[in-house]
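Here is the structure we will look at, set down as structure tokens.
Derivation of every value follows stated rules applied to the coordinates shown; laboratory data play no part. In this text the structure is predicted, and so the values were computed from the model without any measurement. Note that we place each Cβ from the backbone using ideal geometry, even for glycine, and neighbour counts take in every protein chain shown.
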Amino acid sequence: MAWGDEPVSTETAAARLAAMGITLPPCPTPLGSYVPALTDGDLIVTSGMLPLVDGKLAYTGAVGDVHDLAAAAEAARLCALNAVAAVASELGGVEGLSRVKRVVQVIGHVLSAPGFDQQPAVLNGASEWLAAVFGERGRHTRMALGSHALPLNATVELALVVRVDPA
Amino acid sequence: MAWGDEPVSTETAAARLAAMGITLPPCPTPLGSYVPALTDGDLIVTSGMLPLVDGKLAYTGAVGDVHDLAAAAEAARLCALNAVAAVASELGGVEGLSRVKRVVQVIGHVLSAPGFDQQPAVLNGASEWLAAVFGERGRHTRMALGSHALPLNATVELALVVRVDPA
Amino acid sequence: MAWGDEPVSTETAAARLAAMGITLPPCPTPLGSYVPALTDGDLIVTSGMLPLVDGKLAYTGAVGDVHDLAAAAEAARLCALNAVAAVASELGGVEGLSRVKRVVQVIGHVLSAPGFDQQPAVLNGASEWLAAVFGERGRHTRMALGSHALPLNATVELALVVRVDPA
């Protein structure tokens, strides 16, 4: 699906996830003294999410060094999956994602070998997946940044801010 | 004009830009699957902006290596110019900037040679220009950060959050 | 005090700070053309804060190189202390901190030697201190990031977003 051709939200995020064969993981356990997400009025803010699968990092090491672009984009998608799981947790489960009115902001830091400058292409792995799940409500602003060091040597760290309809 | 001596906003941002001889560029085209800016209630959030001129990067490479402080500060100003163009686009054009009530936040990442630690001076290039355009409404909070890798090897990446008066 | 066992807020932040023997420093002076904090509706946003003591940097240089984890965690705590001083300044002084309803977000960048990946443990120095001061209202979302270059070679830079009760 091309960006800009997202479906109008007649289908819920839960239905789309089901159609893609995706079960949301449980809300990720924080790595320190913070919460994975919180609800502030009609906004949900997530913490920085890592590419975890079953509680273990699936991607460590820098893109342009250990990983190629495709692998790093998949790491970014896994970060977004965990972030959406944290958002769903704030909304009482996957069905609650139907209250998501807009993904406002994606902040993504990509562990980058020196000279690697394709962070936007890496983060498209997260952005395109968010558009597939939320349709045009998934179209967001983004900061794509390179880092030389990230927690647990994760390949990507990504956080979301989401606007929800009042309960 | 010294910081803290910004004019009270009796003149519009559009008038000040005209007086400075500045025509806003068109809203920048995203480098990936995201939008340049979006309006969330009375906030406008921009994506990370690069120092583009006519759609091309005017500054690539690290400050302290390829660029000196003055060049990097000009790169930061160009990022702010593009960010304001994206804000104006959300507000229906340059005249719509009169609805800007406050520049809330500037996040700036500066591509930095190892050991370079004058990111605040670099970002003053953006901050002082924002104060010149918006007067005391342009006084913002800021995070100034160094990066070793940025998209397309850009010298600066900068995003804005702006509060607007309801339409 | 373990995370998750924070006291319910029957005691004010001012009383807790006093019990810990902590006097808030004055609101930090910006390093450039920005403000240390601003109030945007019911949110207070701070600029990036450095580990200043009496206006001077107490910690410079990278963790994993110049500093060990314990020193870097103390640097993070000092950043949080300065950020809370800036928040208090927006609220008319330390007693005004009783209006803090929730610490929404902590963004922390840790000056990191190559290969250092314990940024979450460093930032726990700030997070645990915020929980001690604000109780369960101090439990926040967080982004923990590594940087190779920060302003004035500071060991940590940290910013807060805080929700307050209307005046």
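Placing +1 on the Cβ of each Lys and Arg and -1 on the Cβ of each Asp and Glu in the protein assembly as shown, which of B:ILE107, C:LEU57, B:ALA131 has its Cα farthest towards the positive end of the resulting dipole?
Projecting each Cα onto the dipole axis, the largest value belongs to B:ALA131.
First measure r as the distance between the Cβ atoms of A:THR29 and B:ASP68, then evaluate 1/(1 + (r/R0)^6) with R0 = 41 Å and state the FRET efficiency to the nearest 0.05.
Efficiency, rounded to the nearest 0.05: 0.35.
Taking a label point 7 Å from Cα toward Cβ, how far is B:ASP54 from its twins in the other copies, in nm, shortest first?
The projected label point of B:ASP54 is separated from its counterparts by 5.6, 5.6 nm.
Other chains near B:124-135: what is the mean number of their Cβ atoms within 10 Å of each residue's Cβ?
2
Residue by residue through C:149-162, how many Cβ atoms from other chains fall within 10 Å of the Cβ on average?
Shielding by partners across C:149-162 averages 4.
Rounded to two decimal places and with Rh computed the Kirkwood way over Cα pairs, what is Rg over Rh for region B:25-112?
Over the Cα atoms of region B:25-112, Rg/Rh equals 0.99.
To the nearest 20 Debye, how big is the dipole of the protein assembly as shown about its Cα centre, given +1 on the beta carbon of each Lys and Arg and -1 on that of each Asp and Glu?
Dipole magnitude for the protein assembly as shown comes out near 540 debye.
For C:THR23, place a label point 7 Å from Cα along the Cα-to-Cβ direction in every copy; what are the distances to the other copies, in nm, shortest first?
The answer, with the shortest distance listed first, is 5.9, 5.9 nm.
Roughly how many nanometres apart are two label points built 7 Å out from the Cα toward the Cβ at C:GLU11 and B:GLU136?
In this crude spin-label approximation the distance works out to 4.0 nm.
Which shape class applies to the protein assembly as shown: rounded if a/c is under 1.5, otherwise prolate when a/b exceeds b/c and oblate if not, where a ≥ b ≥ c are the square roots of the Cα gyration tensor eigenvalues?
rounded
Cα axis of helix B:119-134 to longest principal axis of chain B: angle in degrees, 0 to 90, nearest 10?
Between helix and principal axis, roughly 20 degrees.
In degrees from 0 to 90, rounded to the nearest 10, what is the angle of the helix B:69-90 Cα long axis to the longest principal axis of chain B?
So the helix axis and the longest Cα principal axis differ by about 40 degrees.
For chain A, what is the calculated [θ] at 222 nm in deg cm²/dmol (nearest 500), taking -39500 (n - 2.57) for each run of four or more DSSP H residues and dividing by its residue count?
-9000 deg cm²/dmol
Calculate the radius of gyration of the Cα atoms of chain C to one decimal place, then report Dmax, the largest Cα-Cα distance, as a whole number, both in Å.
For chain C, the Cα radius of gyration and maximum Cα-Cα distance read 14.9, 46 Å.
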